[in-house]
Amino acid sequence: MQSGTAPHHRPHRRRTLAAALAAAAVGLGALAAPAQAADNPYERGPNPTESSIEATRGYYSVSDESVSSLAPGFGGGTIYYPTTRTDGTFGAVAVVPGYTASESTIEWLGARVASQGFVVFTIDTDTRLDQPRQRGDQLLAALDYLTERSDVADRVDPSRLAVMGHSMGGGGTLEAAKDRPSLKAIIPMTPWNLDKTWGDVEVPMLDFGAEYDTIASPTTHAKPFYNTHGGEKMYIELNSATHFAPNTNNTTIAKYSIAWLKRWVDNDTRYTQFLCPTPTSWLYIEESASTCGF
């Protein structure tokens, strides 16, 4: 496996002056805090913890609205968004399902990710048989609809967008990034694509493989996508998981996806601690690798 850290494998069956000075320090700290926050206007939510990014719901209350299948360029879907109007706009991510699958297979990501401070658009495709390139086009069409035509467009920062996808939808995230390099992050989940070389894609990528995937084997899909990808990247192979792991609530996928989106869509370095050094877990991660240049 290429560059960054070497792949990780789990072991196989794996006080009067003092007080014044202290008060002054506190005062200076209080003065410094807003300036520090002003350094990154995109930070959303309180300081993260391991438990906060593993939780099924985050800091924000979430609402949702349906989008008709007559929407141009994709098959409709559901928009999940933080209900607050006090924190400004949010970055956004579109999520697409895999071959023959519907939005229902990836909808669990909607409220879970949105509650961490994102607008999330889980979509259906034009047909269940659409290939990765078509799914990539539809992810971009969904983002365009979200930022230009949707009822929540004023809640979205159109300069901070990302895509996620499962299977052929995962392959579609690479196609979308190739066509729109202004994207801030891509997250292919047990991805499938006949194209194995992605050196021209530099959008930061979190790439999930699954140990027991017999449909899109990591050896012939997720790993080559990681190895050839031209930018910052991380590979996580889910331990004892199949191709369909992204279709149900999965804390490993959610945790690292949230951290990745926070780091790259929100430029929020508070989340780097969860990504570097490269995460390992004997229980949940079979293999991992990362450039960790961030």
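The values are calculated or read from the model by the stated rules, or taken from the named source; none is laboratory data. Just so it is clear, the structure is predicted and the values come from calculations on it, not from any experiment. Virtual Cβ from ideal backbone geometry, glycine too; neighbours counted across all protein chains shown.
Some observations on this one:
- Residues (more than 14 Å from the chain's Cα centre (by Cα) and of a type in the set (Gly, Ala, Ser)) located in the range 78-124: Gly88, Gly98, Ala101, Ser102, Ser104
- Applying the set (1) within 29 Å of Leu283 (Cβ to Cβ); (2) surrounded by fewer than 19 Cβ atoms within 10 Å (Cβ to Cβ) to Thr173 leaves exactly one unmet item: (2).
- Within the range 68-84, residues that are farther than 18 Å from Pro97 by Cβ have Cβ atoms under 7 Å from residues that are of a type in the set (Val, Ile, Thr) and crowded, with 24+ Cβ neighbours inside 10 Å in these pairs: Tyr81/Val119, counting only partners at least 6 apart in sequence or on another chain.
- Single residue of the range 106-131 satisfying the filter (part of a loop (DSSP other than H, G, I, E, B) and touching a strand residue (DSSP E or B) at 6+ places or on another chain (Cβ under 7 Å)) that is surrounded by the fewest Cβ atoms within 10 Å (Cβ to Cβ): Glu107
- Only a single criterion out of (1) over 15 Å from the mean Cα position of the chain (by Cα); (2) exposed (fewer than 15 other Cβ atoms within 10 Å of the Cβ) is not satisfied by Ala142, namely (2).
- Leu140 in a helix (DSSP H, G or I) and of a type in the set (A, V, I, L, M, F, W, C): yes
Residues checked against (1) farther than 21 Å from Asp137 by Cβ; (2) surrounded by 17 or more Cβ atoms within 10 Å (Cβ to Cβ); (3) at pLDDT 95 or above:
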| site | (1), (2), (3) |
| --- | --- |
| Ser63 | yes, no, yes |
| Thr84 | yes, no, yes |
| Ala94 | no, yes, yes |
| Thr100 | no, no, no |
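- So Leu238, is it at pLDDT 95 or above, closer than 21 Å to Gly136 by Cβ, buried (at least 19 other Cβ atoms within 10 Å of the Cβ) and among the aliphatic types (A, V, I, L, M): no
- 1 or more residues out of contact with any helix residue (DSSP H, G or I) (no Cβ under 9 Å at 6 or more places or on another chain) and on the phi < 0 side of the Ramachandran plot: qualifying strands (runs of 3 or more DSSP E) within the range 189-294: 285-290
- Exactly one residue among Arg155, Arg133, Arg160, Arg149 is of a type in the set (Lys, Arg), over 13 Å from the mean Cα position of the chain (by Cα) and within 24 Å of Ile53 (Cβ to Cβ), and that residue is Arg155.
- Among the residues of the range 208-235, just one is within 20 Å of the chain's Cα centre (by Cα) and over 17 Å from Trp198 (Cβ atoms), namely Ala210.
- Restricting Ser167, Ser150, Ser104 to those that are farther than 26 Å from Phe244 by Cβ and out of contact with any helix residue (DSSP H, G or I) (no Cβ under 7 Å at 6 or more places or on another chain) reduces the list to Ser150.
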